[in-house]
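Presented below is the structure to which this report refers.
Just so it is clear, none of the values below were taken in a lab; they were calculated from the coordinates. Small disclaimer: the values here were computed from a predicted structure and weren't measured. Cβ atoms come from the backbone with ideal geometry, glycine included; neighbour counts cover every protein chain shown.
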Amino acid sequence: MSSDRAEGTPARASDGGPGGGHDQLATCPRAGGRRSADPLAAELADIVGPHHVLTDPELVASHQVDWTGRWRGRARLVVRPGSTDEVARVVIACGRAGAPIVPQGGNTGLVGGAVPRARAVVLSTRRLDALDPVDPIAGQVRAGAGAVLGRVQAAAREAGYDFGVDLASRDGATVGGMVATNAGGIHVLRYGAMRANVVGLEFVKADGSVVSRMAGLVKDNSGYDLAGLLVGSEGTLGVVTSVQLRLVPRCTERVVAAIPFAHLGEVVAVCGELRRRITDLLALEVVDARGMALVSEAAGLGILFDRPEPPPWTLLVESGSPTTSTEDLATLLADVVDSEDALVAVDPARRDALWAYRERLTESIARAGIAHKLDVTLPFHALARFETELRRRIGAAGSHLDPVLFGHLGDGNLHVNVLGADPDDDAVDELVLTLVADHGGSISAEHGIGVAKRRFLTLTRSAADIASMAGIKEAFDPDHLLNPDVLLP
Ligand code: FAD
Ligand code: MLT
Ligand code: ZN
């Protein structure tokens, strides 16, 4: 429901979450006013200005912990370059000093990828937040890596377009971070993930050279697709500084329905039918009973369906179109869904009220504790079997484990969250990810590998696969300067 509801972002996402990982842009005299004993800090201050090198532990603190609070580290310092040229000079200076760099955007990532380890330098992109006017003919917009998604959406809508990727973290997640993670979200089934929505990008390599593919050409087959390669590279191949984004028509006509189900298998079957018959589908999202109970209470939303307990599964469906009327969209949806229990919303306030149960879930889970967040995809035919076996194995592992399942069912993407496990013990991660691999799935659907899943990459990537990726890393960053502790085992 990206609809026009960019205001609904959970406070934690824009604040940097439970870990408090926000990236304040206000300059602080304590940051630059005090001379640091670190020679690298002094050199970087000459490049970006003293106010944009943070060494004060209080100011650095929020950059050292992720949104979930599960992943923590130590930074040597935080540097905030304000242009591509400054990024290049910062990268060269860090390379000379042998100081590893962790690029950080909004710090809303969920796999610990932006958290500095081993006293790495945090390169915050938040000052690279320029947003050009929308090109109405090309249907594209150029955004600095530090621009947050909500601003891009607002600019696109102002110009009669929309942006095809939408996340509940829209007021915190940056375009650069979304590129680096190949972010997905709620509209992937209609518009694809980030990679499908990037027309070009600019990035700084580990040697400080700048690669620019920003012409906005829809077709360009002159050699390797370096822009495509940077998408999903998690800060390991280059620092993304600017992105040319494809826009989509704005769906002013919309309908949302919430439908209760007893079994995941039934939901999967209905989703197949919806995909087959409705070309205007925007989203197919599910939440299990535990998720609905948590969000109803923590977000103060109340009970959705008029029954004592939430149904085992709730499916949220959204159709949208720039031209087909809301009434026609609603008629077709009701025809395909054919359920007396469905709640259907056509006006913006009621649509947002239904979406709140999905959008405020991550924040509600975080309020209940530090969850082990396992973002996985399964083949559609394996989803129901996977769920049954998952619940059996988690139950057998201990009654202290409290699973919450939800996700983007239209993409086969489940978010398996497990509360109650020790944050430092990844036994439950192993249990879930092994089961995913056994069912032919992927251990990361949209959040990336980061540090959280690095040790599990071999479950679904062969030795030849990993060697190919390591070869690419060598070619781009032979000294392992850029985010050296994520992704590759
Ligand atoms: P960060 O967290 O700052 O960084 C993420 C990774 O990208 C790190 O590895 C970092 O080193 C790298 N990186 C950041 N900027 C750059 C750059 N300029 N150049 C190179 N590397 C860089 N994700 C989804 O996919 N779908 C969802 O539906 C979704 N919903 C969310 C809802 C909530 C409430 C929250 C808190 C998170 C959600 N996320 C979702 C996760 C997160 O918002 C995305 O992964 C997002 O893309 C991260 O952007 P960021 O700017 O915060 O990146
Ligand atoms: C979502 O779909 O809500 C996000 O990916 C965040 C999460 O997994 O909690
Ligand atoms: Zn998601």
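A Cα-only calculation for the range 156-265 places Rg and Dmax at 16.4, 56 Å.
Between the range 184-228 and the range 118-156, the alpha-carbon centres lie 14 Å apart.
Summary of the geometry: the range 331-348 and the range 406-439, compared by the centres of their Cα atoms, lie 31 Å apart.
Residue order for SER212, SER399, SER364, SER296, fewest other beta carbons within 10 angstrom first, comes to SER399, SER212, SER296, SER364.
Residues HIS372, HIS51 in ascending order of nearby Cβ atoms (within 10 Å, fewest first): HIS51, HIS372. By the equivalent-ellipsoid construction on the alpha carbon gyration tensor, the chain comes out with semi-axes of 37, 26, 21 Å, ordered largest to smallest. One chain, two ends: ALA467 and HIS263. Fully extended at 0.36 nm per residue, the span grows by 69.4 nm beyond their Cα-Cα distance. For trypsin sites (Lys or Arg not before Pro), the sites in the range 151-237 that DSSP calls loop and that have at most 15 other Cβ atoms within 10 Å are LYS219. Against the chain, whose longest principal axis is taken from its Cα atoms, helix 289-298 shows a tilt of about 70°.
Remark: THR377, THR331 ranked as THR331, THR377, counting other beta-carbon atoms within 10 Å and listing the fewest first. The C-alpha atoms of the chain define a longest principal axis, and helix 149-158 lies at about 70 degrees to it.
Relative to the longest principal axis of the Cα atoms of the chain, the long axis of helix 39-48 lies at roughly 70 degrees. Model label sites at THR323 and GLU389, defined 7 Å from Cα along the beta-carbon direction, differ in position by 4.6 nm.
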